[in-house]
Amino acid sequence: MAPRAAGALFGPAGRRLLPGQMKLLYKPIGLLVSVLGGMIAGALFKRLWRAVAREGDTPDAKDRERSWGEVIAAAAAQGAVFGGVKALIDRAGATGFFRATGVWPGKTGST
């Protein structure tokens, strides 16, 4: 039997998993990482809104007492925070998976 490569994952009978199988293995990991990222982004946005607006509640689109400007500003800030955190978390997860397995879980130049 040939020696096992560092960072390679092996399936039944000691066979090395193919890159497509490795990418499939990343799906549940990526989902978990994304959920955690959403939780982090929500907490970060609430802290940011409290610091900037000096109030505890973020404006809701159906809140009659809030102006259009407040609602749109809050939605834009929330989208920016969630988008930034999602990109950071997704990239860190993909990089960690690559370092552990040697397979990039997303698109590459050849796929």
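Using the Karplus curve 6.51 cos²θ - 1.76 cosθ + 1.60 with θ = phi - 60°, what ³J(HN,Hα) values do you get for each residue of segment 33-38, in whole Hz, with x for Gly and Pro?
4, 5, 4, 4, x, x
Calculate the dipole size of segment 20-101 relative to its Cα centre from +1 charges on Lys and Arg beta carbons and -1 charges on Asp and Glu beta carbons; express the result in debye to the nearest 20.
360 debye
Around SER34, under 15 Å between beta carbons, what's the net of Lys plus Arg minus Asp minus Glu among the other residues?
After counting each charged neighbour, the total is +2.
Where in segment 25-111 are there GluC sites (Glu not before Pro) that are in a DSSP coil and have at most 16 other Cβ atoms within 10 angstrom of their Cβ?
Here the sparse-neighbourhood loop sites are GLU55, GLU65.
Read the figures in this text as sums done on the coordinates, not as results from a lab. Everything numeric in this text was worked out from a predicted model, so none of it was measured. Don't worry about glycine lacking a Cβ; one is built from the backbone with ideal geometry, like all the others, and counts go over all protein chains shown.
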